[in-house]
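The values are calculated or read from the model by the stated rules, or taken from the named source; none is laboratory data. Everything numeric in this text was worked out from a predicted model, so none of it was measured. Cβ coordinates were reconstructed from backbone atoms using ideal geometry, including for glycine residues, and neighbour counts include every protein chain displayed. When the accessible area is computed, the model is the full protein with side chains, heavy atoms only, and any ligands, DNA or RNA have been set aside. Shrake-Rupley method; radii C 1.70, N 1.55, O 1.52, S 1.80 Å.
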Amino acid sequence: MPSSVTETGYVDGVAMKPVTTTYEYNENNYMPSSITKSVAFNANTEETCLTRYWYPGDAEAVNSNTACLTSAHCISERVKALQYRNGNTVGGYRNLYMPLSNGLPVVSKNYSITPNNSEVLELDVTDYDDYGNICGYKKKDGTPVAVIWSYCHRLPVLEIVGKAYSEVKAMSGIVDILENGTAATEITNATESLHAALLNERAMATAYEYSPWHTLSCVIKPNGDKAKYRYDTYGRLEEARDADDNILQKYNYNYKTN
């Protein structure tokens, strides 16, 4: 593990002031506990940027309910981080954790840390599935958001702003079809049916459809308009079309030969 790295950039063959990055490591997991970068902009000005990290087991992380992380051997999770510039706090974040019923540790709340070291709640997760996917959360302003997962719980198919996950699940049995479905056609039809039902309720719902290769093939906007995506045989995005099938973007991939 490096203790320091010095990089020198060149502009028109002229060497710039070197940038030195130094590392300190946590003795329990050998992950960086601090990263310091010193940048000299000119002969008279040098700036030092420091980032500190805390992990499960650190004294600074005891108020983040990290016992569930330790018991699951997730000792490399960055629980808290603070950034400093020339000795002054710039900002950071702290996560609060909880275990699911199956013991899987997940983030329950995320806080940003302001320059005066006060914490501001940014994300309040209200619902998870058994696979650790976020199914419901509240935004910074308290607005609930529901997320419906499908394709064996690997891909999100609907995001609904303004409704809690429990509300969406209670309004239609289609949610169960999506969460347990495996056939692509069944999932696509169920996604469009639920989006139409939410549109009738004037809910802000965005739907996502996927190709058999699990690339994003269509996005249905809250107003019902569709944006479609097509890929080449290598899985690279080839073009994007709007609801009227007009080409919005087109991509060509070329290779330079000697």
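Assorted remarks:
- Cβ pairs under 9 Å, 6+ apart, first in region 230-258 and in a loop (DSSP other than H, G, I, E, B), second basic (Lys, Arg) and surrounded by 10 or more Cβ atoms within 10 Å (Cβ to Cβ): ASP242/LYS226; ASP242/LYS228; ALA243/LYS221; ALA243/LYS226; ALA243/LYS228; ASP245/LYS228; TYR251/ARG236; TYR253/ARG236
Residues checked against (1) part of a loop (DSSP other than H, G, I, E, B); (2) surrounded by fewer than 16 Cβ atoms within 10 Å (Cβ to Cβ):
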{"position": "ARG94", "(1), (2)": "no, no"}
{"position": "ASN102", "(1), (2)": "yes, yes"}
{"position": "VAL106", "(1), (2)": "no, no"}
{"position": "ASN117", "(1), (2)": "yes, yes"}
{"position": "LEU121", "(1), (2)": "no, yes"}
{"position": "ASP124", "(1), (2)": "no, no"}
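- Taken as a whole, the structure places ARG236 among residues that are out of contact with any strand residue (DSSP E or B) (no Cβ under 6 Å at 6 or more places or on another chain), farther than 27 Å from GLY136 by Cα, modelled with pLDDT under 95 and open to solvent by less than 70 Å² (accessible area, probe 1.4 Å).
- Of all residues in region 46-74 being over 18 Å from TYR23 (Cβ atoms) and of a type in the set (Val, Ile, Thr), the one that is least open to solvent (accessible area, probe 1.4 Å): THR66
- In region 164-173, the residue that is nearest to ASP225 (Cα to Cα) out of those that are at pLDDT 95 or above and open to solvent by less than 40 Å² (accessible area, probe 1.4 Å) is VAL168.
- Qualifying positions in region 196-213 - surrounded by fewer than 16 Cβ atoms within 10 Å (Cβ to Cβ) and among the small types (Gly, Ala, Ser): ALA196, ALA197, SER211
- Being over 26 Å from the mean Cα position of the chain (by Cα), closer than 27 Å to VAL106 by Cα and either of a type in the set (Lys, Arg) or not in a strand (DSSP E or B) (or both) is a property that ASN63 lacks.
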